[in-house]
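**Q** Quick one: the structure is below, questions incoming.
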Amino acid sequence: MTFRTAGASRTARSARSSPAGDGRAVGGAGGGTAGPLIVTEDLALLDDLLRLCAAAGAEPEVHHTVPEHRASWTEAPLVLVGDDAAARCRGATRRPGVILVGRDRGGLADPAAGPGGGPAGGDPEVWRRAVEIGADCVLRLPDAESWLVDRIADAAEGAGQQALTVGVIGGRGGAGASTLACALALAGARTGRRTLLVDGDPLGGGLDVLLGGERAEGRRWPDFVASKGRVGGGALEESLPSVRGLRVLSWDRGDSVLVSADAMRAVLAAARRRGGIVVVDLPRRIDAAVSEALAQLDLGLLVVPGELRAVAAAHRVATHAGAVLRDLRAVVRGPYASGLDDQWVADTLGLPLAGELPHDPDLLAVLDSGAPPGGEANGPLGRFCAAFWERALAAEGSS
């Protein structure tokens with residue numbers, strides 16, 4: 001990767017790893033995303049910062065002093081000023097996202113706290129330099145490396161509002177959770193928002209099959225099971241199969257593999273940082289990985305057929321999932337046993353009613369034909385999902 005310097009070029013090694021994950025973060029495909037501006041002449045510090053940028057999947061621009069081109073300073077997503085270069089940055093245009101970085105002492109502190117206000121606050125000279133350049137915070141490496149990698153990656157990816165993340169769980173086997181998850185994802189894509197569907201059930205047969213995309217090229221869950229730490233959102237999205245206008249993280253047809261809580265946390269966090277909509281299909285069993293997924297949901301939908309045994313089974317699922325998930329609601333599916341209706345089922349479970357899933361007599365024929373569930377926007381399932389997103393996205397916008 002090439003870094004522009006003040007009047008010269010500098011080439012440095014890249015430490016970016018593959019999207020499969022080997023314990024390090026993932027960078028953007030095709031050479032990384034636009035990274036921070038680095039201002040320093042301290043070669044040891046520069047080597048550290050280049051390594052951290054590579055770990056975040058970002059390509060920095062390096063200068064020894066404030067760049068001659070003002071836009072390099074003002075438009076960079078983040079500015080990392082070495083403490084050796086602070087004096088040379090006096091008088092530069094004030095902007096957010098400036099960090100004063102040094103080595104070997106302390107951790108992270110807020111200059112607004114004043115001298116003594118944080119781990120790096122013991123040296124008044126450090127604070128004076130930070131205030132002079134308008135730094136947001138003062139860092140000391142290596143203590144703050146993990147925090148700085150996250151900050152670089154957030155800036156490079158343009159971190160903004162996180163995706164509205166909805167999980168779907170079956171109250172009992174065969175409740176139709178996977179069908180609803182696929183239909184919700186297709187309806188989400190039809191809103192024009194970036195949409196990603198995550199198959200969280202390794203024993204479910206693969207949502208790519210349900211969507212008719214089992215032959216689509218891209219990575220599946222086995223490529224991500226070793227992931228931990230930070231996964232780049234852009235690299236994740238670009239590596240996944242594109243099926244019917246959305247990205248799908250599903251399973252291959254190989255042996256079942258165990259997804260760790262670390263991998264689930266890293267992948268879902270990356271998916272959410274990209275914004276838009278994320279739909280997660282989850283199994284009824286609650287293991288460590290599923291608990292991690294539940295913790296990252298904005299909303300959970302428990303699909304419950306309108307029969308007494310299904311309600312009894314769903315009560316156990318709701319108890320376990322509700323211990324982790326902040327907002328769990330019931331989606332009730334007919335036909336109903338005598339004396340039951342959608343509100344009775346929701347009240348019995350002690351959950352808010354998200355809606356009644358309409359009976360679609362043609363659904364089995366649609367699936368047998370190879371068409372995806374909810375693929376027709378005007379069908380019963382498509383209309384239900386469109387109405388759901390209209391309410392959910394309006395509520396998100398008003399929050």
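**Q** Tally time: how many residues in the stretch 289-307 are more than 26 Å from Pro241 (Cα to Cα) and open to solvent by 10 Å² or more (accessible area, probe 1.4 Å)?
**A** Residues flagged as more than 26 Å from Pro241 (Cα to Cα) and open to solvent by 10 Å² or more (accessible area, probe 1.4 Å) within the stretch 289-307 amount to 1.
**Q** Turning to a different aspect of this structure: Trp73 is checked against (1) modelled with pLDDT of 95 or more; (2) in a loop (DSSP other than H, G, I, E, B) and fails just one. What number does that condition carry?
**A** Going through the list (1) modelled with pLDDT of 95 or more; (2) in a loop (DSSP other than H, G, I, E, B), Trp73 breaks only (2).
**Q** Something else about it: Please go through the stretch 199-212 and pick out each residue that is in a helix (DSSP H, G or I) and open to solvent by 10 Å² or more (accessible area, probe 1.4 Å).
**A** Val209, Leu210
**Q** Residues in the stretch 187-198: is at least one part of a helix (DSSP H, G or I), in contact (Cβ under 8 Å) with a residue 40 or more places away in the chain and crowded, with 24+ Cβ neighbours inside 10 Å?
**A** yes
**Q** Still on this structure: Return yes when Glu68 is of a type outside the set (Ser, Thr, Tyr), over 21 Å from Ala155 (Cβ atoms), in a loop (DSSP other than H, G, I, E, B) and at pLDDT 95 or above and no when it is not.
**A** no
**Q** Note down all Cβ pairs under 7 Å where the first residue falls in the stretch 131-146 and is assigned to a strand (DSSP E or B), the second is open to solvent by 70 Å² or more (accessible area, probe 1.4 Å), and they're at least six residues apart or on different chains.
**A** Partner pairs satisfying both residue conditions: Cys137/Asp110; Arg140/Arg103; Arg140/Asp104; Arg140/Arg105; Leu141/Arg103.
**Q** Residues that are open to solvent by 60 Å² or more (accessible area, probe 1.4 Å), within 24 Å of Pro380 (Cβ to Cβ) and touching a Lys or Arg at 6+ places or on another chain (Cβ under 9 Å): does the stretch 355-365 have at least one?
**A** Looking through the stretch 355-365, at least one residue is open to solvent by 60 Å² or more (accessible area, probe 1.4 Å), within 24 Å of Pro380 (Cβ to Cβ) and touching a Lys or Arg at 6+ places or on another chain (Cβ under 9 Å).
**Q** Of everything in the stretch 199-224 that's free of Cβ contacts under 8 Å to residues at least 40 places away in the same chain and of a type in the set (Lys, Arg), which residue is farthest from Leu268 (Cα to Cα)?
**A** It comes out as Arg215.
**Q** Separate question: Given the criterion open to solvent by less than 10 Å² (accessible area, probe 1.4 Å) and aliphatic (A, V, I, L, M), identify the matching residue among Ala346, Ala337, Ala312, Ala323.
**A** Step by step, each of Ala346, Ala337, Ala312, Ala323 is checked, and only Ala346 is open to solvent by less than 10 Å² (accessible area, probe 1.4 Å) and aliphatic (A, V, I, L, M).
**Q** When you check Leu351 against the structure, is it modelled with pLDDT under 95 and either crowded, with 16+ Cβ neighbours inside 10 Å or on the phi > 0 side of the Ramachandran plot (or both), yes or no?
**A** When the stated conditions are applied, Leu351 does not pass them.
**Q** Being charged (D, E, K, R) and under 28 Å from Leu393 (Cα atoms) is the filter; apply it to the stretch 179-230 and report the residue that is nearest to the chain's Cα centre (by Cα).
**A** Ranking the candidates gives Arg230 first.
**Q** Could I ask something else about it? Would you please name the residue that is surrounded by the fewest Cβ atoms within 10 Å (Cβ to Cβ), looking only at residues in the stretch 375-386 that are in a loop (DSSP other than H, G, I, E, B) and within 30 Å of the chain's Cα centre (by Cα)?
**A** Filtering first and then ranking leaves Ala377.
For every residue, the table says whether it meets (1) without any contact (Cβ under 8 Å) to a residue 60 or more places away in the chain; (2) in a loop (DSSP other than H, G, I, E, B); (3) of a type in the set (Asp, Glu).
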{"residue": "Ala293", "(1), (2), (3)": "no, no, no"}
{"residue": "Leu302", "(1), (2), (3)": "no, no, no"}
{"residue": "Pro373", "(1), (2), (3)": "no, yes, no"}
{"residue": "Phe388", "(1), (2), (3)": "no, no, no"}
{"residue": "Ala395", "(1), (2), (3)": "yes, no, no"}
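**Q** If you don't mind, another one. Select from the stretch 145-186 the residues that are within 18 Å of Gly355 (Cα to Cα), open to solvent by 20 Å² or more (accessible area, probe 1.4 Å) and small (Gly, Ala, Ser) and list them in ascending order.
**A** Of everything in the stretch 145-186, those that are within 18 Å of Gly355 (Cα to Cα), open to solvent by 20 Å² or more (accessible area, probe 1.4 Å) and small (Gly, Ala, Ser) turn out to be Gly176, Ser178.
The values are calculated or read from the model by the stated rules, or taken from the named source; none is laboratory data. Note that the structure is a prediction, hence the values are computed from the model and not measured. Don't worry about glycine lacking a Cβ; one is built from the backbone with ideal geometry, like all the others, and counts go over all protein chains shown. In case anyone asks, the SASA skips ligands and DNA or RNA and just uses the protein heavy atoms, side chains included. Shrake-Rupley method; radii C 1.70, N 1.55, O 1.52, S 1.80 Å.
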